[in-house]
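FYI, it's all coordinate maths here, none of it is from the lab. Please read all numbers here as calculations on a predicted model, not as lab measurements. Here the Cβ is made from the backbone with ideal geometry for all residues, glycine too, and neighbour counts use every protein chain on show.
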Ligand SMILES: [Zn+2]
């Protein structure tokens, strides 16, 4: 259940400023402003270049009602008129009105954006699944059916043309859409010398009757030629071929029930680092199960990876997307992590944080933003074929749909494909992942470096 202290305001002045800054970043407006909340708390007054912008704001009791799913949201057409977005706006009211030197945003885009960006809804909701993750079924996006839309970005895109007209003297920047393939390296070896490895050898020999048994068995014990090891290079080469800057998250966790575990020193990291630099591919930490609330364990795993790669590690994603909003951002920041990309749901693809832009997470204890940047994960392989049990066609459709919203808002389409599933779901790798990425690259001309969103 929701765990909110009623004497603590949800939308503090700092929270309002943070949310407006996030929205303005998406809009491409980098100016400083002054902020004031009207005495009745129903309006935020922003002063910028001798002009005023009003934002309507739900009262605190109505925000609580929103969190308890007790208010009805209306719908508005997105800026590109392609989809309908839920919004807190009175029926038939205009999204924005301008009178003389005042622009008034009649919708409350701030409360819902803050709840989604800060992850207020999970910070104040205690229920977790059996591995400690906040579940999609408990989110506002599930109840109000908006997981397919980055609604914070959609609001920003609706606001952008009004602000550009209202502030013609200011130069707005344009955010560039980008596809970011990312790869969690959960295992280095398919044929590890343990029970699971042995089972796989038997399984593969039985299931691949046409393979040349002698060659096959020679390769089984050649670590360099192990399929999981080779799959890391397959992913690297495919990203480089498509001119995409991929991220590779390596694990250094000890073997346990939920960490398959491998010795990172068994991997030829010098060779991989050398190859990865060619196309600006990045290396990050895949924090093992158990690190989400353990600062020292996280530090140890990061140090091991830094020692193996001889690199400063500043990007990360948690194994099983195992991220506790009350603890993980703090320990990542303490350990010098700059960007995390864990915030997607295992069981549902889409926009968990309401955005596909990078943004700073919110520190509830200190009522200010973290330095830590979140780049939300939009879609993951296992969600498609296991949790949602899609056909390949349905999976491709979902990827295209989500990607099209990322294009519409100039955001980052972060997709995760595990190295193990390059092998274990080979057909899906080729027919869904590679097919979708090739089609998107072709359509968006992202191979052309001059491509950008207007
Ligand atoms: Zn993992």
- Query: Could the peptides 284-292, 340-348 be put in order, highest first, of the mean number of other beta-carbon atoms found within 10 Å of their residues?
  - Reply: 284-292, 340-348
- Query: Direction-averaged shadow area of the convex hull around the Cα atoms of segment 393-433, nm²?
  - Reply: 2.9
- Footprinting proxy, 362, 428: sorted fewest to most Cβ within 10 Å, the residues are 428, 362
- In degrees from 0 to 90, rounded to the nearest 10, what is the angle of the helix 295-309 Cα long axis to the longest principal axis of the chain? 60
- P(r) of segment 13-166 over all Cα-Cα pairs, binned every 5 Å from zero, in whole percent: 2, 8, 18, 23, 21, 14, 8, 4, 2, 1, 0, 0
- Item | Projected label distance in nm at residue 71 and residue 126, using a 7 Å step from Cα toward the beta-carbon | 2.6
- Message: Show log10 I(q)/I(0) for segment 271-430 at q = 0.13, 0.15, 0.17 Å⁻¹, two decimals, from a solvent-free Debye sum over equal Cα scatterers.
- Response: -0.68, -0.91, -1.13
- Query: Quick one: if you stick a label point 7 Å off each Cα along the C-beta vector at residue 34 and residue 312, how many nm between them?
  - Reply: 3.8
- Item | Helix 151-166 axis, angle to the chain major axis (alpha carbon atoms, nearest 10°) | 50
- Note on the structure: If R0 = 25 Å, then residue 165 and residue 404, at their Cβ-Cβ distance, give a FRET efficiency to the nearest 0.05 of 0.45
- Expressed in nm to one decimal, what extension gain is obtained for the pair residue 243 and residue 94 from 0.36 nm per residue of sequence separation less their Cα-Cα distance? 49.4 nm
- Query: If R0 is 25 Å, what FRET efficiency do you get for residue 439 and residue 174 from their C-beta distance, rounded to 0.05?
  - Reply: 0.55
- Query: At residue 52 and residue 371, where each label point lies 7 Å from the Cα along Cα→Cβ, what is the point-to-point distance in nanometres?
  - Reply: 3.9
- With Cα atoms, 0 to 90° folded angle of helix 195-207 axis to the chain main axis: 80
- Gain on full stretching of the segment that runs from residue 273 to residue 62 - 0.36 nm per residue minus C-alpha separation: 70.8 nm
- Taking 364, 248 and counting other C-beta atoms within 10 Å, the order from fewest to most: 364, 248
- Ellipticity estimate at 222 nm from DSSP helix runs (n ≥ 4, -39,500 (n - 2.57)) divided over the chain, nearest 500: -10000 deg cm²/dmol
- Query: Based only on Cα atoms, what Rg/Rh ratio does segment 2-93 have, Rh being taken as Kirkwood's radius?
  - Reply: 0.98
- What are the semi-axes of the equivalent ellipsoid for the chain, taken as the square roots of 5 times the Cα gyration tensor eigenvalues, largest first, in whole Å? 42, 23, 20
- Task: Starting with the highest mean, order 271-280, 369-378 by the number of other Cβ atoms within 10 Å, averaged over the residues of each peptide.
- Result: 369-378, 271-280
- Task: Hey, for a label at residue 426 modelled as a point 7 Å past Cα toward Cβ, could you say which residues of segment 174-190 have their backbone N under 19 Å away?
- Result: 187-190
